[in-house]
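Undergrad: Right, I'll just put the structure down here and ask away after.
No lab work stands behind these numbers, since they all come straight from the coordinates. None of the values given here were measured: they were computed from a predicted structure. Here the Cβ positions follow ideal geometry from the backbone for every residue, glycine too, while neighbour counts run over all protein chains shown.
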Amino acid sequence: MARDGDAASLAAYVDAGVPVNLTNDSGDTLVMLAAYHGHADAVRVLVARGADVNRLNDRGQAPVAGAVFKGEDDVVRALVEGGADPTAGHPTAVDTARMFGREDLLGVLRSPDPAG
């Protein structure tokens, strides 16, 4: 469901008791799978249910870096809005954006300045 972007079914299953941070044998969470496959609505549904947007998989990769790598701009925005740390994992989302020349996403990935 996460890979296919079936947000409604994901919501129903999580609401029925499936752990929102369920992982596969590679440590990929539902958020990671939805993010990597470009499903912003599924990411939002999971975030709304408390998914850990910063949980790394077994290879030390963060969902937001995967979304940057795949060029999934809407997913990147959904993850950042959900509290994703652009400096988590290896490579980080910031490093990935720089590597692929995605200057447009660097602005999205910058943490808001608390000083205003």
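Undergrad: Hey, what D do you get for the chain in µm²/s if you plug the Kirkwood alpha-carbon radius into Stokes-Einstein at 4 °C and 1.567 mPa s?
TA: 93 µm²/s
Undergrad: What are the residues whose amide H is under 5 Å from the amide H of Asp28, where those residues sit 5 or more places off or on another chain and H is modelled from the backbone?
TA: Residues meeting the criterion, in which the H sits 1.01 Å from N, are Asp58.
Undergrad: Using the per-residue mean of other Cβ atoms lying within 10 Å as a proxy for protection, in what order, highest first, do the peptides 52-61, 68-77, 82-91, 36-45 fall?
TA: 36-45, 68-77, 82-91, 52-61
Undergrad: Per-residue HN-Hα couplings for the stretch 64-72, Karplus 6.51 cos²θ - 1.76 cosθ + 1.60 at θ = phi - 60°, whole Hz, x for Gly and Pro?
TA: Whole-Hz 3J(HN,Hα) from phi for the stretch 64-72: 5, 5, x, 5, 5, 4, 7, x, 9.
Undergrad: Give me a comma-separated list of calculated 3J(HN,Hα) values for the stretch 4-15, in order, Karplus coefficients 6.51, -1.76, 1.60 applied at θ = phi - 60°, integers in Hz, x for any Gly or Pro.
TA: 8, x, 7, 4, 5, 5, 4, 4, 5, 5, 5, 5
Undergrad: Over what distance in Å are the Cα centres of the stretch 54-116 and the stretch 8-51 separated?
TA: 18 Å
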